[in-house]
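Trainee: Below you'll find the structure I mean.
We did not get these values from a lab; they are worked out from the coordinates using the rules stated. Every value quoted in this text rests on a predicted model; they were computed, and no experiment measured them. Cβ: placed from backbone, ideal geometry, glycine included. Neighbour counts: every protein chain shown.
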Amino acid sequence: MKRIGAAEPKDPVLQEAGALIRRGELVAFPTETVYGLGGNGLNPEAARKIYEAKGRPSDNPLILHVAEEAQIPELVREYPPRARALAQAFWPGPLTMILPKSSRVPRESTGGLDTVALRMPSHEGARAFLKAAALPVAAPSANRSGRPSPTEAAAVWEDMQGRIPLILDGGPCEIGLESTIVDLSVPVPTLLRPGFYGLKALEEVLGLVAVDPALFRELEEGEAPKAPGMKYRHYAPQVPLTLVEGQDAPRAAYIMGQAAAGPRTAALVHQENLSLYREAPQLLLIPLGSRSDSRETARRLFSLLRSLDKLALDQVFCESFPEGELGEAVMNRLSRAAGGRIINI
Ligand code: TXA
Ligand code: MG
């Protein structure tokens, strides 16, 4: 694990990282969303190593990361005006777009698909690393498959130590949730994964935007989600987590009742609601952050989910909170962490 010094491509640590990528090796690196596990996006062998290090099924496609928009045209069959408009509005930044791929992009990087996911991150260290690599870098989140995405270098270390030659430490990630994914390979642009940018922000640039139904419900038997990653168990702590919707006071009473029966129980609770739980001394209360600051909740969420497994618990409840600018994205990740266990009080 090495700290990024100056966030510029000549930094010796970034030079070393770039050389590893060009040799077909893997490097974990920070972005503004979550840490990525990078490899040469044009090299099938590097893609294979990524799937192996992550323990990820190889039909789950990777996102290609670039330092400059000028790298995009050679990776796609066509770079249409609406894609350029999206890049203009949100790049560099936490947005991924899907376009039909060119023959330069190997199918090993795209999980066998004809399309490719593209992102230009804004994190200064990430940009300097991508410039040093001088290649499109394929990078999924740097967690072992199924675990919450890493938002600090220590979490990457937990999952990847001994599996990859270098982890770049750029401190904690500013956003903490993965990028927004929008599919532009279909007639109507479609939101596949909400992130820092939600539906409204996309509509301002693209006009009509559709939403992948897999975002809001469990898939039917045999039905395929558009983002293949959505079909896998994800973010889930080992301890069962239940998302609880409803009014604050009855919800707190319900959760305290569940804890009173004896199992070791934790509750993820808004700052503002902590006092509602004061009559349950046996309940481990974990503050989620303030209700009025969904950015803070987003930033903390994955490291909280990771820490649950270190706490010897039998069950965890989490207050649901669809509000706030990042409410949509936070709820999307939480409902997947709960594996569909959502109750309404
Ligand atoms: O913020 C992020 O996007 C982070 C950082 C490292 O950039 N990366 C990330 O990658 O979250 P990953 O692999 O954990 O999630 C990518 C998602 C998966 O659900 C995958 O199925 C979907 O994007 N995806 C990738 N390429 C696709 C394609 N061609 N068509 C549909 N979905 C695609
Ligand atoms: Mg991931």
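Trainee: Quickly rank 69-81, 86-98 as a protection proxy: mean count of other C-beta atoms within 10 Å, highest first.
Mentor: Packing proxy ranking, top to bottom: 86-98, 69-81.
Trainee: On to the next question. Let's see if you can work this out: charge +1 on each Lys and Arg Cβ, -1 on each Asp and Glu Cβ, no other charges. What is the dipole magnitude of the chain about its Cα centre, in debye to the nearest 20? Let's see the in-between values first.
Mentor: Details: 39 positive and 41 negative charges, 151 e Å.
For this selection, approximately 720 debye.
Trainee: Dipole of region 105-197, Cα-centred, from +1 at each Lys and Arg C-beta and -1 at each Asp and Glu C-beta, to the nearest 20 debye? All intermediate terms of the calculation are to be shown ahead of the outcome.
Mentor: Details: 8 positive and 10 negative charges, 35 e Å.
It comes to approximately 160 debye.
Trainee: Let me ask something else about it. Please work out how much length the chain gains when fully extended from ARG23 to GLU52, using 0.36 nm per residue of separation minus the C-alpha to C-alpha distance, in nm with one decimal.
Mentor: On the way: separation 29, 0.36 × 29 = 10.44 nm, distance 1.72 nm.
My answer for the length gained is 8.7 nm.
Trainee: What ranking do LEU184, LEU313 get, fewest neighbouring Cβ atoms within 10 angstrom at the top? Display every interim value, and only then the final one.
Mentor: Working: LEU184 21, LEU313 18.
With the sparsest Cβ surroundings first, the list reads LEU313, LEU184.
Trainee: Still on this structure: Relative to the compact globular guide of 2.2 N^0.38 Å, what is the alpha carbon radius of gyration of the chain, as a ratio?
Mentor: This ratio for the chain stands at 1.00.
Trainee: Next question. So how much slack lies between ASP309 and ALA261, counting 0.36 nm per residue of separation and subtracting their Cα-Cα distance, in nm?
Mentor: Stretched fully, the ASP309-ALA261 segment lengthens by 15.2 nm.
Trainee: Over what distance in Å are the Cα centres of region 153-214 and region 284-345 separated?
Mentor: 18 Å
Trainee: How many nm separate the modelled label positions at GLN238 and LYS200, each set 7 Å beyond the Cα in the direction of the Cβ?
Mentor: Distance between the two pseudo-spin positions: 4.1 nm.
Trainee: Could you work out the equivalent-ellipsoid semi-axes for region 233-343, taking the square root of 5 times each eigenvalue of the Cα gyration tensor, largest first, in whole Å? Write down the numbers at each step before the final one.
Mentor: Values: eigenvalues 76, 55, 31 Å².
Working from the Cα gyration tensor, I get semi-axes of 20, 17, 12 Å.
Trainee: What does the extension gain come out to for ALA85 and ALA249, with contour length at 0.36 nm per residue minus their alpha carbon separation?
Mentor: Working it through step by step, the gained length comes to 54.5 nm.
Trainee: Could you check what % of the DSSP bridge pairs in the chain are antiparallel, to the nearest 5?
Mentor: Working: 17 of 45 bridges.
Antiparallel bridges: around 40 percent, rounded to the nearest 5.
Trainee: Identify all aspartates and glutamates with a Cα-Cα distance to LYS200 below 20 Å; exclude those on the same chain that are fewer than 8 residues away in sequence.
Mentor: The qualifying aspartates and glutamates are GLU178, ASP183, ASP212, ASP293, GLU323, GLU325, GLU328.
Trainee: With each pseudo-label sitting 7 Å past Cα toward Cβ, what's the LYS131-MET1 distance in nm, one decimal?
Mentor: With each label point 7 Å from Cα toward Cβ, the separation is 2.7 nm.
Trainee: Out of all DSSP beta bridges in region 2-178, what portion is antiparallel? Express it as a percent rounded to 5. Present the calculation step by step, with values, prior to reporting the outcome.
Mentor: Values: 14 of 21 bridges.
DSSP beta bridges in region 2-178 are roughly 65 percent antiparallel.
Trainee: To continue, here is another question. Each label point is 7 Å from the Cα along the Cα-to-Cβ direction; what then is the distance between the points at GLU78 and GLN15, in nm?
Mentor: With each label placed 7 Å out from Cα toward Cβ, I get 4.4 nm.
Trainee: Further, regarding this structure: Mind listing the long-range amide H neighbours of GLY38? Cut-off is under 5 Å, sequence gap 5 or more, other chains count too, H placed in the peptide plane at 1.01 Å from N.
Mentor: VAL27, ALA28, PHE29
Trainee: Could I ask something else about it? Given a Förster radius of 51 Å and the C-beta distance between GLU45 and ASP293 as r, what FRET efficiency does 1/(1 + (r/R0)^6) yield to the nearest 0.05? Mind dumping the intermediate values first?
Mentor: Values: r = 44 Å, r/R0 = 0.86.
Efficiency, from the Cβ-Cβ distance: 0.70.
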